[in-house]
1. Can you give me the solvent accessible area of Glu46 with a 1.4 Å probe, rounded to the nearest 10 Å²?
2. Grab the DSSP H runs of the chain that are 4 residues or longer, score each as -39,500 (n - 2.57), total them, divide by all residues and round the 222 nm result to the nearest 500 deg cm²/dmol.
3. Residues of the chain: accessible area per residue at 1.4 Å, in Å²?
4. Between helix 27-36 and the chain, what is the angle of the helix's C-alpha long axis to the longest principal axis, kept within 0 to 90° and rounded to the nearest 10?
5. How big is Rg to Rh over the chain, alpha-carbon atoms, Rh as the Kirkwood inverse-mean-distance radius?
6. What order do Val93, Val47, Val107 take when sorted by accessible area (1.4 Å probe), most exposed first?
7. At what distance in nm do the modelled label points of Ala7 and Leu77 sit from each other, each positioned 7 Å from its Cα along Cα→Cβ?
8. When the dipole is taken about the Cα centre of the chain, and only Lys, Arg (+1) and Asp, Glu (-1) are charged at their Cβ, what size is it in debye, to the nearest 20?
Amino acid sequence: MFDAVSAQLGAPVPPPGVPGPFSLDDPDRLARLLADAELADVAVTEVPTPLRDPSFDAWWTRTSSLAGPLAKRLATLPDHARRRLRARLTEAVRPYQTPTGLDFPGVSLLAAGRRA
């Protein structure tokens, strides 16, 4: 979604210097952050978390309203730009189309530590 919106708007979303929803996507970086916060026995585990939606429209509705700044940018798009973005996204998600809808692979990071 962010890549397609960035391409559509000609500007990165989120903007440089603003943490996005995937800013803690690196297990080593997350572990360092917790260790730097003086937690001991830090462990970071990857947990499979696929994202499934019954249709493109269901995915679009949920995804486009999740991130506040992204939702605000999308709300300001003129109709023709919104149609172009939807067409771009329809193509982008085509590899994840299944007979039951969209099925995106995903991973969440589960982090734990204890106060030293």
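The values are calculated or read from the model by the stated rules, or taken from the named source; none is laboratory data. The structure presented is a predicted model; accordingly, all values stated were derived computationally and were not measured. Note that we place each Cβ from the backbone using ideal geometry, even for glycine, and neighbour counts take in every protein chain shown. Surface areas here come from the heavy atoms of the whole protein model, side chains and all, with no ligands, DNA or RNA. Shrake-Rupley method; radii C 1.70, N 1.55, O 1.52, S 1.80 Å.
1. Glu46 has an accessible surface of roughly 120 Å² with all protein chains in place.
2. For the chain, the value works out to -13500 deg cm²/dmol.
3. Per-residue value: 68 Å².
4. Once rounded, one gets 50 degrees.
5. 1.06
6. Val107, Val47, Val93
7. That separation, rounded to one decimal, is 1.2 nm.
8. Its charge dipole is roughly 540 debye.
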